[in-house]
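Have a look at the structure below, then the notes.
Derivation of every value follows stated rules applied to the coordinates shown; laboratory data play no part. What you see is a predicted model; the values in this text were computed from it and never measured. In this analysis, Cβ positions are derived from the backbone assuming ideal geometry, glycine residues included, and neighbour counts consider all displayed protein chains.
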Amino acid sequence: MAPLVLLGTIITHLFGGSAGREGTALQMGASLADKLTKILRFQGANRRILLTAGISGGFGSVFGTPLAGTVFCL
């Protein structure tokens, strides 16, 4: 999913579309975390925690503020 999100965002920008970087970062963080949960075979609460951390990491990285990602996670 992460490569498709990145490709979709690039194509949107190339054709003059308006796409924010926040949504892309959140989707990529979530999709990479989901892939990791499948590799590590996490389920239930552990899977939710890792997905939340992936989304928060994407949010924190796009703005360069890790503390904001932590608050977003909470």
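Legend: ranking of residues ILE11, ILE39 from fewest to most surrounding C-beta atoms inside 10 Å; resulting order ILE39, ILE11. With N as its number of residues, the range 2-73 has a Cα radius of gyration that, divided by 2.2 N^0.38 Å, comes to 1.19. Sorting LEU32, LEU26, LEU4 by the number of Cβ atoms found within 10 Å of their own Cβ, with the fewest placed first, yields LEU4, LEU32, LEU26.
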